[in-house]
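The structure appears right after this line, and notes come after that.
The values are calculated or read from the model by the stated rules, or taken from the named source; none is laboratory data. Since we're looking at a predicted model, the values are computed, not measured. Here Cβ is always computed from backbone atoms with ideal geometry, including for glycine, and neighbour counts include all displayed protein chains. We work out accessible area using only protein heavy atoms, side chains counted, and drop any ligands, DNA or RNA first. Shrake-Rupley method; radii C 1.70, N 1.55, O 1.52, S 1.80 Å.
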Amino acid sequence: NGAQTTLANRVVLSGVGVHSGHAASVTLHPAEADSGIYFYRTNLDDGRDREIPADYRHVSATDLCTTIGVSGASVATIEHLMATLRGMEIDNCMIEVDGPEVPVMDGSAEAFIDAIDQVGIEVQSKARRYIKILQPVRVELGTSYAEFTPYEGRRLEVEIDFANPLVGRQRYAADMTADRFRKDIGRARTFGFYADVKNLWARGFALGASLDNAIVIAEDRVMNPEGLRYSDEFVRHKALDAVGDLALAGAPILGCYRSYRGGHRL
């Protein structure tokens with residue numbers, strides 16, 4: 001069980017937004033116990049800053065990334081940062097963002113993990129609250145599904161199934177701890193197919209995407225010169241995305257989450 005946590009100090013990260021291609025920076029601030037995780041959006045057109053709670057009720061889009069918003073303000077590509085806070089068991093944090101997108105960094109959570117390690121984690125006086133799965137819950141979307149089942153602990157079972165033989169069918173299953181998050185899934189990068197990326201560029205999307213922040217798959221090879229970080233990096237990244245999206249439940253989930261061909265929308 002244990003107590004709630006926050007950051008011991010503030011830390012700033014800067015990079016590029018993968019979808020906008022614009023420079024973006026985030027500042028992670030310590031927050032009071034019971035305040036949860038929330039975004040503080042500055043630099044808006046009307047000059048007013050806005051708070052956006054990191055909560056599923058504020059999800060506004062799930063097309064290529066997860067976006068949350070309130071009227072007049074939104075923040076896109078929050079999933080890797082949210083995964084880091086949940087994965088490293090941080091309950092309270094104010095995320096100040098000066099633009100419409102969290103920087104993509106290297107396409108994984110590594111830079112966020114390093115930033116938190118840099119300032120450290122502070123234990124607070126209030127007890128942590130959990131969401132406990134009491135009976136199975138299942139959602140289906142075409143051939144995809146996701147479900148929760150009761151489980152003592154926080155378990156993740158993610159399976160992907162792509163036609164491209166370089167990705168194919170991969171499965172990752174583990175009980176999630178901060179250590180496991182850091183070692184197993186935190187460094188897994190986002191991935192895409194070159195044919196899709198070219199198409200997105202033509203439509204004005206993924207303008208910041210490059211081999212520096214995504215694994216790009218051509219028909220028969222991984223285009224990144226350094227290759228993969230894990231032999232099954234693709235499914236590990238989907239697990240990372242799942243941890244980040246499920247973090248919008250507002251508290252750590254005690255139970256087993258299982259998905260097949262999942263995505264942000266599911």
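Data for the structure
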{"quantity": "Candidate set from region 64-91 (those that are among the charged types (D, E, K, R) and touching a Phe, Trp or Tyr at 6+ places or on another chain (Cβ under 9 Å)); member that is most open to solvent (accessible area, probe 1.4 Å)", "calculated": "GLU89"}
{"quantity": "Count of residues meeting criterion [open to solvent by 50 Å² or more (accessible area, probe 1.4 Å) and closer than 23 Å to GLY87 by Cα] in region 36-50", "calculated": "1"}
{"quantity": "Output for region 48-107, where each listed residue is of a type in the set (Asp, Glu) and within 20 Å of GLY15 (Cβ to Cβ)", "calculated": "GLU79, GLU96, ASP98, GLU101, ASP106"}
{"quantity": "Any hit, region 77-88, residues being assigned to a helix (DSSP H, G or I) and polar (S, T, N, Q)", "calculated": "yes"}
{"quantity": "Some residue of region 55-67 being among the aliphatic types (A, V, I, L, M), closer than 15 Å to GLY250 by Cα, free of Cβ contacts under 8 Å to residues at least 40 places away in the same chain and touching a strand residue (DSSP E or B) at 6+ places or on another chain (Cβ under 9 Å)", "calculated": "no"}
{"quantity": "Filter result for PHE191 (touching a strand residue (DSSP E or B) at 6+ places or on another chain (Cβ under 7 Å), open to solvent by 20 Å² or more (accessible area, probe 1.4 Å) and touching a residue at least 12 places away in the same chain (Cβ under 8 Å))", "calculated": "yes"}
{"quantity": "Selection count where residues are open to solvent by 30 Å² or more (accessible area, probe 1.4 Å) and either among the polar types (S, T, N, Q) or assigned to a loop (DSSP other than H, G, I, E, B) (or both), scope region 141-152", "calculated": "6"}
{"quantity": "Condition met for ARG155 (assigned to a loop (DSSP other than H, G, I, E, B), within 23 Å of ALA54 (Cα to Cα) and more than 15 Å from the chain's Cα centre (by Cα))", "calculated": "no"}
{"quantity": "Given (1) out of contact with any Gly (no Cβ under 8 Å at 6 or more places or on another chain); (2) assigned to a loop (DSSP other than H, G, I, E, B); (3) of a type in the set (Lys, Arg), index of the condition ARG189 fails", "calculated": "(1)"}
{"quantity": "Matching entry among ILE160, ILE133, ILE185 (being closer than 22 Å to ARG258 by Cα, surrounded by 12 or more Cβ atoms within 10 Å (Cβ to Cβ) and over 21 Å from the mean Cα position of the chain (by Cα))", "calculated": "ILE133"}
{"quantity": "Candidate set: region 240-266, residues that are part of a helix (DSSP H, G or I) and touching a strand residue (DSSP E or B) at 6+ places or on another chain (Cβ under 8 Å); chosen: the one surrounded by the fewest Cβ atoms within 10 Å (Cβ to Cβ)", "calculated": "ALA249"}
{"quantity": "Extreme residue, modelled with the highest pLDDT, among residues of region 95-104 that are of a type in the set (D, E, K, R) and surrounded by fewer than 23 Cβ atoms within 10 Å (Cβ to Cβ)", "calculated": "GLU96"}
{"quantity": "Number of the condition not met by ARG138 [criteria: (1) open to solvent by 60 Å² or more (accessible area, probe 1.4 Å); (2) in contact (Cβ under 8 Å) with a residue 60 or more places away in the chain]", "calculated": "(2)"}
{"quantity": "GLY208 in a loop (DSSP other than H, G, I, E, B) and either surrounded by 14 or more Cβ atoms within 10 Å (Cβ to Cβ) or modelled with pLDDT of 95 or more (or both)", "calculated": "yes"}
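Residue-by-condition table, conditions (1) open to solvent by 10 Å² or more (accessible area, probe 1.4 Å); (2) part of a strand (DSSP E or B); (3) among the small types (Gly, Ala, Ser):
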residue	(1), (2), (3)
THR6	no, yes, no
GLY15	yes, yes, yes
VAL26	no, yes, no
ILE52	no, yes, no
ARG57	yes, no, no
CYS93	no, yes, no
ASP106	yes, no, no
